[in-house]
Amino acid sequence: MQNNVWKINPLEKKKKEEKNDDEYKSDTRLKNLWKSLEENKKKERHRKFHNWLKTEYEYNENYIPVEDILIHLCNDVFNIINVNGYVISDEKQLRNEIATFVYKESYA
C-alpha cells in the first residue's frame with residue numbers, strides 16, 4: 001500500500017466534522033422573541049390588575065374604587081395586628097399579598 005500523497009481521504013473527515021456542526025443550536029432571535037412575549041404577558045397582567053384597582057363598585061349608593069376599599073382593608077388588618085402586639089416586618093409585601101389574594105378571588 002502506498003502513502004497517500006494526494007490526500008484523497010481528508011474530504012471524508014471534513015464531512016464527518018460538518019455533521020457534528022449540524023447539531024441544533026438555539027437561535028438568538030427565537031430566544032429574544034420568547035423573552036419579549038413573556039415581558040408582554042407580564043405587562044398585560046400588570047395593566048389588567050391596575051385597571052381592576054380603578055374599577056368602582058356601588059356601596060350604599062356611592063361608587064368606591066377597589067383601591068380605596070383595599071386601602072381601608074389593609075389599614076384595618078395592620079391595626080388589628082399591632083393591637084395584638086405583633087409587628088409587621090414588610091407592610092408593602094403584606095399589602096401586595098392582600099391585593100393579589102382579593103384580585104384572584106374576585107376572578108375565580
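Every number here is computed from the coordinates shown, using simple stated rules; none is lab data. These numbers were taken from a predicted model, which means no experiment stands behind them. Here the Cβ is made from the backbone with ideal geometry for all residues, glycine too, and neighbour counts use every protein chain on show.
Would you kindly calculate the translational diffusion coefficient of the stretch 23-65, applying Stokes-Einstein with the Kirkwood radius from alpha carbon pairs, for 10 °C and a viscosity of 1.306 mPa s, and quote it in µm² s⁻¹ without decimals?
For the chosen part, D equals 119 µm²/s.
Treating the beta-carbon of each Lys and Arg as +1 and of each Asp and Glu as -1, no other charges, what is the dipole magnitude of the stretch 54-108 about its Cα centre, to the nearest 20 debye?
220
When N counts the residues of the stretch 54-108, how does its alpha-carbon radius of gyration compare numerically with 2.2 N^0.38 Å, as a ratio?
1.28
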